[in-house]
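Following: one structure in structure tokens, then a few remarks.
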């Protein structure tokens, strides 16, 4: 990871990080005991439990076809945030934000899954934020990939599928314009004040799966977008190294 | 509008359009009679009724502040599509897709609105698709801007606000990779088969408000993204001309 | 259509119409392109899109019987009315009024359909009001009949059914006591102030399918009811002529 | 009450009643102890508990106006019917039929109530069917009037209002065409097989408040409608005598 | 039933009853006509209609197994109570209290039912409170047992099952600490002020099925619990005599 | 803690524990960073995050009274269990079991809180199970007490209240009859097969707050209940020591 390509010096970040510096990222496998894959992913103070559960059935729209499905759900504990949010189960419906995030997680993971190779079964991804400090959706995608990988490994070990449906790695990171400068991996302090917020999902091969950029304040320019994309690219390379490390060094 | 910058010839599009060619775009103001702003927007066979309604109150979270709000809702008639969809009102909830779109429309319009200049009132945008053929969200944003502009004009004419809260134009278009080549303004035939689908929202000044790109099939590269962005840029310039024309040539 | 049978001169109507005069009625077939039947029906400023969609399945309670079903749903765009109404899909439920109207539309159309001749399929009627000025339920029934007729014609043309399940025409009109006098086809100005409001559904053969009269103010007498029924009878005869004209003169 | 005006002899009714004969009607006041008005009304085997409850507040749309409101809710115990129906509270929503009926009850009672004389309070009517044998909505209206009258009497006795807001009596009855002949007060056996079903609500002064006729089978003629209305008129006169008797002879 | 084992004299109860005295208990069978079992149970002024309905199907989780199911639902008429409660069907959900009670009723009855002997059918218990004065859940269980017994008797009489699935009687009663002393069968005046409220469900053989004790005020001691249990035991013995009497002396 | 008072030797427990032996209990304070109180409580493999959040407002029914409120919500991550459960937020409602548990937690904590001393504020307790192995409700109560205590300590430190509203300790444990013998603190293996399951909530002073015993199989006797209560009493004494230890030895 090199320094920011910007010539002007970046303003200091609240966390003291350099513009292109990720927070401490930790991926803990086998975090809870029942799920086929269970990961605690931490991007600094953002902590998400990602589980992957295998069900031997498929949704209605795939009945009778020899193909699997992967779907994701997302939630936050009510007090994962600075002030308590209403519990969605008690309100009786998920917010638009929740639905947007869980749809994003599902699409991101499906982009690297061969659903035919999964057979007629469903992989349920659950991402539950136990502490939020910005970047919960990107941490969720990054951790969920590892949980899904573990679940698939168990399917192979059990002889249920012959080859892995996992075609590539996938991870996600946020980038944004904070006080006029592009920065990588926004925490809450930056996220709540930034002008532009962009979430990027990329594969191990470097392809883009999702780019979602929003100008919260001033619109952004094509140059800024290019810088943000470059920052995201470097961040995701680092995250995929973390995923590989977790998969290699922690026992099954 | 010039030809595509790609050297290799683009494959033919189902509609026979050139890669950088918009569908016929029509913006009809004063389409229905009750709303403060009411527009029928057509992107080819995609037809959306966009209304802007003024309410002399603000949501709870803005009570007591001298600031307005702009919010958007989106819907599709059950048979706007090839096969009938369930009516959301009968099912008792909006789909995740609907919520995602209406949140996008709201953010897009707020990006060019000075909510302080609006005073303590709410501008409700309703976008209802009566016929769908791809691009309903981009047509919605493009038409809703004109409806909102008309509503604001009435507020000024009535002496309720002194100056316009509208800071700039805003419009949206989709771009995508269809059979390996970037194309502008996807219709349903293209949208249902494309590898990458990207929705871009830009202001009259050329700033980006939203970029939402999704790889439905193969991931996309940075070069492809650049080409898509360039196509979108040209398309939005044309759409904003259409908006200006509609506002200038049709009577109030 | 003859003049009102009342001896005393009727008071002037807000619209300047005679007591027994319908608003301008327009029935436009093939209004949107996807549905098997699609009609825009206009009773003056009341405009409703009526579609008929064929589904090759029947509800649970008819499984295993060689019989079809016809069901109707009704909705209003939030700003079809003078002031914006809440969107039912966002509120999460349909109002009692909506349910009452869609049940009425369904019963009215089923009264002229031989559901055995339809085979094991469902005809879904959707009536969506894009502009409301009184009489939305009667316009819906009148337009929906034409849409259903078109859908059935396609089934016959496709060789799916041998003979038409349509046994007769059906149309609906409102009548009411406005400023003491019976009038035909109330618009919003009359409807919001009238003493009695009655909706009448009749067949081409002149039989009554529904009579729903409500005293909003003073109760009504049997004589008044008789006059209202006579007015409705004449109005429905005229509407059925409009339906026939639309079916004969507009291409398939 | 005289015999049917029809010349041809009516076919026998399943219950052995004459065409113009009501079932045994019983109105028991003070049936439960908490409500301001509480009535058990029986039309033969149809049994409905009607309560009237006074609340010292009005709905939002009446705030700040010195006017009251009257609203009604309706329900059926799950096993009030031949086969068990789902409990609406467990399903999480009221059916369209339930909403239609409770709206009808509310309109019927409001037609004889001077809501200004009620002051800024709400009269809640609850009609709960404990045994159903046809005619639950007409029994509900007939019983609810007596319960509402009792509640109002307590308001006057307590000195909360000076004069009664009750302007007239109101009652309701069903009539229908059963095996080709008009009959009064249909029970379930008749209701489930009749061609036409009509519910009529009338005041003590003989005015019509609601007429709701539906052809379940063959459409009905104007002559049939006239006969039905005449039958209903005679039935309602008898019901209002029952209401008067109950109010006079049973202690407060 | 003997006097209370407490040496100190109990304080007077609002109703004037002795500490170990039940209210007047009445069990009326065949209260409504459609249900396979229908009972009005009264514990003093608490009145509950309990019906048992047989359905020839089982829930999803029992499909394919030759076993039956018994499930219970509970409700209160809105004005069964001192002040009107919201109608759960109108609110769109059951309260936590309602769900807790209906789960309790179901468990209590299943404890004396051999679900294998019931065959592949479901016994639906509905307990609807028409007047509440404390103890609605205990009255519900006590009455529901009799209704269920009647429904089962009809199954046997119809030759659908060979032997009764009813293994024992079951009844329930509340006990509590009121003004420092244990009392049996709390009415509303006691229930709303007591320190401890305990609901006990027991079989005819004297076994405990449920003990649910809650300290509403001061925590209770083990001695107090023992006294409460003894009181409950005596009360339930008396209730089961009432059940037997009802089953023996009232015709089928 | 002494051995079981039973003379006959207990059968071996699946976990190898003695009949009166708790699982390893761990209480970790300050587990997440935003909540005023945040505790991870572990009863063996059962792990629950308990947070206490302070809101400076009270529910509607307490408006205008100088009194606070304490309320609890409970949830389980979908894959906290052996097989994945539906996410309640996605289903749109909480199960009856969830509501029963959260009502129990709320009552248990309120029994040791002086709500007047809390002032006009609400203490929201959230108990979210991240791994379930039996006893989630008892672990929740035990952990929630410590979280609530921490939140209150912050209120005192901030000078918002003068004295602690906490009147006593409170903890909860399950006991049951497993293979004929009473055992303490059932894990999932025991819970899913036991005959009787009882949850007991007690204060530091040894008073009972809740006793909820259910016979899942054979009814239980009074002697068995006495043994279960004695076991629970010893277990809760041990749990309260754990709570004290956590509050004393871990820094604020």
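Miscellaneous remarks
- Only a single criterion out of (1) farther than 18 Å from residue F:203 by Cβ; (2) surrounded by fewer than 19 Cβ atoms within 10 Å (Cβ to Cβ) is not satisfied by residue F:135, namely (2).
- Residue F:129 vs. criteria modelled with pLDDT of 95 or more, in contact with a helix residue (DSSP H, G or I) (Cβ under 6 Å, 6 or more places away or on another chain), within 14 Å of chain A (Cβ to nearest Cβ) and part of a strand (DSSP E or B): yes
- The set of residues in segment E:87-101 being touching a strand residue (DSSP E or B) at 6+ places or on another chain (Cβ under 7 Å) and surrounded by fewer than 22 Cβ atoms within 10 Å (Cβ to Cβ) consists of E:88, E:90, E:98.
- Of all residues in segment C:57-86 being more than 9 Å from every other protein chain (Cβ to nearest Cβ) and out of contact with any strand residue (DSSP E or B) (no Cβ under 8 Å at 6 or more places or on another chain), the one that is nearest to residue B:54 (Cα to Cα): C:86
- For segment D:177-187, the criterion of being crowded, with 16+ Cβ neighbours inside 10 Å and more than 15 Å from residue D:17 (Cβ to Cβ) is met by at least one residue.
- Selected residue [more than 29 Å from residue D:219 (Cβ to Cβ), out of contact with any helix residue (DSSP H, G or I) (no Cβ under 6 Å at 6 or more places or on another chain) and either within 13 Å of chain B (Cβ to nearest Cβ) or surrounded by fewer than 21 Cβ atoms within 10 Å (Cβ to Cβ) (or both)] from C:53, C:15: C:15
- Evaluating residue D:118 against the criteria (1) buried (at least 23 other Cβ atoms within 10 Å of the Cβ); (2) more than 9 Å from chain E (Cβ to nearest Cβ); (3) in contact with a helix residue (DSSP H, G or I) (Cβ under 6 Å, 6 or more places away or on another chain) leaves one unmet condition, (3).
- The conditions of being at pLDDT 95 or above and part of a loop (DSSP other than H, G, I, E, B) are not met by residue D:142.
- When we screen F:202, F:198 for residues that are free of Cβ contacts under 8 Å to residues at least 60 places away in the same chain, under 30 Å from residue F:116 (Cα atoms) and in contact with a strand residue (DSSP E or B) (Cβ under 7 Å, 6 or more places away or on another chain), the only hit is F:202.
- Check on residue E:104, more than 10 Å from every other protein chain (Cβ to nearest Cβ) and crowded, with 19+ Cβ neighbours inside 10 Å: no
- Which numbered condition residue C:123 misses (of (1) more than 13 Å from chain B (Cβ to nearest Cβ); (2) more than 21 Å from residue D:100 (Cα to Cα); (3) touching a residue at least 40 places away in the same chain (Cβ under 8 Å)): (1)
- Residue match in segment B:220-239 (condition: within 10 Å of chain A (Cβ to nearest Cβ), outside any helix (DSSP H, G or I) and crowded, with 17+ Cβ neighbours inside 10 Å): yes
The values are calculated or read from the model by the stated rules, or taken from the named source; none is laboratory data. Note that this is a predicted model, so its numbers are computed, not measured. With ideal geometry, Cβ positions are generated from the backbone for all residues, glycine too; neighbour counts draw on all protein chains shown.
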